[in-house]
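Some notes on the structure that comes next.
The values are calculated or read from the model by the stated rules, or taken from the named source; none is laboratory data. Quantities reported herein were computed from a predicted structural model and do not represent experimental measurements. Don't worry about glycine lacking a Cβ; one is built from the backbone with ideal geometry, like all the others, and counts go over all protein chains shown.
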Amino acid sequence: MSEQQQQKSQADPVFAPSTVSTPQPLSHPHHNNINNINNINKPSSSSSSSSSSSSSSFIQSILSNPSVDRTRQLLSYPTVSSFLAGGVAGAVSRTVVSPFERMKIIFQIQGPGAAGQYQGVIPTLKKMWAEEGWRGFMRGNGTNCIRIFPYSAVQFSTYTVLKSYIVTLRPVVNSQHHNHHISSTTTTTTTTTTTSSSQTELSGPRAKIASSVDNVGGRSLTTPERLAAGSIAGIASVAVTYPLDIIRTRLSIQTASIGNLRAHYAALGVAPPGIMSVGRQIYAVEGGWRGLYRGIIPTTMGVAPYVGINFAVYEWLRELLVSTNAGKEPSALEKLGAGAAAGAVAQTLTYPFDVLRRRFQVISMDKSAGIGYHYSGVGNALSTIVRTEGFWGLYKGLSANLLKVVPSMAASWLSFELVKDWLAY
């Protein structure tokens, strides 16, 4: 267009170029009424978008609050997030398998004279239901959840502290690569976690957790280090929560048909005691704190290797899944499978210590309960069980326990990782 035409078009709209010429519909009163009605019935897109934006701005204002922001930062610290995630994982996993947990304890407590009372998984579940209904399945679970939350929380958080400490004690094999990793994480908004040769990169919030539960600063623990850290974490968790464990064991069997337990409370005409009553009774009658920690030595002998093997096997399987999936995070189903396998291997290898643990927790109960055995020590207990019940007496309840451990550890590991991911800041 020439300069003269531009001046004419600005002065007179007739000379304006008609690049878009859209015919306008004729106005009709009836058409206008229909359009008005449609406008009334149709929700305004601007109002819906404004409401969603207002809700999002409200949420954003809450999250940007300094107190909320500080809380989120606190919860995202590895030790704190491991503590909370571990506690939730423990409570969820034990509630899921509560019937199998009680059945396992009943099998373990039965002495050689209890043959025929509880035999087989399905008959025992039916017997528990016939005697006490659904409460029989959940008996002792409340105490177990109260115990397992701090137990699992201390276990996972202690492991988190120990893995960081272990990594600082050993030299960095590839310091140049590690330093490059540290500098890149501080200068980019999307964090990248560099792992060993069997691992690859992850980015985003998951990189804060790393591609492995025991990955610290791009370096994973070795198998012996995992075993050591897990064993110490297991000992710490037992020391903190053992009194609740012995109370839970007593609550689980006090209404079972073992010895004279069931008839004992029926003859007294009173309901079995609860958590506080059992705790006070043990403290008053069985030697104070010594009674509340009765059986802790065989318990520690079983829990320490169990937790160590559990962590080591799960981490090994997780790294294997990462490497076979071309560096991608394992799926929820794969994490369930890894947790189930880790729990099954660890429990099978350490199960005799679990039987000893339960036996020592109940041998000092009221003599009228008629438990049917007494041991002077761990060695005496092992030899007595093998002599009177055979070698497989050390594995009483293993099948029921595996039915419990497989879904329990699967749920525990998956819950732990989900909650820790959610807490990532």
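Give the residue, chosen from GLY339, GLY343, that is touching a residue at least 12 places away in the same chain (Cβ under 8 Å), out of contact with any Phe, Trp or Tyr (no Cβ under 8 Å at 6 or more places or on another chain) and within 18 Å of ALA411 (Cβ to Cβ).
GLY343
Among the residues of segment 273-330, how many are surrounded by fewer than 18 Cβ atoms within 10 Å (Cβ to Cβ), in contact with a Lys or Arg (Cβ under 7 Å, 6 or more places away or on another chain) and among the aromatic types (Phe, Trp, Tyr)?
0
Looking at TYR314, TYR351, can you tell me which residue is modelled with pLDDT of 90 or more, touching a helix residue (DSSP H, G or I) at 6+ places or on another chain (Cβ under 6 Å), more than 26 Å from GLY291 (Cα to Cα) and assigned to a helix (DSSP H, G or I)?
The conditions single out TYR314.
Can you tell me which residue is modelled with the lowest pLDDT among those in segment 372-398 that are touching a helix residue (DSSP H, G or I) at 6+ places or on another chain (Cβ under 6 Å) and either of a type in the set (Gly, Ala, Ser) or not in a helix (DSSP H, G or I) (or both)?
GLY372
Failed condition for ALA338, given (1) buried (at least 21 other Cβ atoms within 10 Å of the Cβ); (2) within 16 Å of GLN155 (Cα to Cα), with all others met?
So ALA338 meets the others, but not (2).
Yes or no: TYR242 touching a Phe, Trp or Tyr at 6+ places or on another chain (Cβ under 7 Å), modelled with pLDDT of 75 or more, outside any loop (DSSP other than H, G, I, E, B) and at negative phi?
Yes, satisfied.
Could you grab me the full set of residues in segment 123-136 that are assigned to a helix (DSSP H, G or I) and either at pLDDT below 80 or not aromatic (Phe, Trp, Tyr) (or both)?
Matches in segment 123-136: PRO123, THR124, LEU125, LYS126, LYS127, MET128, ALA130, GLU131, GLU132, TRP134, ARG135, GLY136.
Determine the pairs where a residue that is more than 14 Å from GLY302 (Cβ to Cβ), located within segment 237-248, has a partner that is of a type in the set (Ser, Thr, Tyr) and at pLDDT below 90 with Cβ atoms under 6 Å apart, the partner being 6 or more residues away or on another chain.
ILE247/THR143; ARG248/THR143
Mind telling me which of the residues SER82, SER64, SER93, SER76 ends up being of a type in the set (Ser, Thr, Tyr), more than 12 Å from the chain's Cα centre (by Cα) and either crowded, with 22+ Cβ neighbours inside 10 Å or at pLDDT below 80 (or both)?
Just a single option satisfies the conditions, and that option is SER64.
Return only the number of the condition from (1) modelled with pLDDT under 90; (2) in contact with a helix residue (DSSP H, G or I) (Cβ under 9 Å, 6 or more places away or on another chain); (3) under 30 Å from ILE296 (Cβ atoms) that ASN325 does not satisfy.
Every condition holds for ASN325 apart from (3).
Report every pair of residues separated by at least 6 positions or lying on different chains whose Cβ atoms are under 7 Å apart, first residue within segment 294-317 and under 11 Å from ARG357 (Cβ atoms), second assigned to a helix (DSSP H, G or I) and among the polar types (S, T, N, Q).
Qualifying pairs under 7 Å: ARG294/GLN361; GLY295/GLN361; GLY302/THR350; TYR306/GLN347; TYR306/THR350.
Return yes when SER231 is in contact with a Gly (Cβ under 6 Å, 6 or more places away or on another chain), at pLDDT 80 or above and either closer than 14 Å to GLY140 by Cβ or in a helix (DSSP H, G or I) (or both) and no when it is not.
yes
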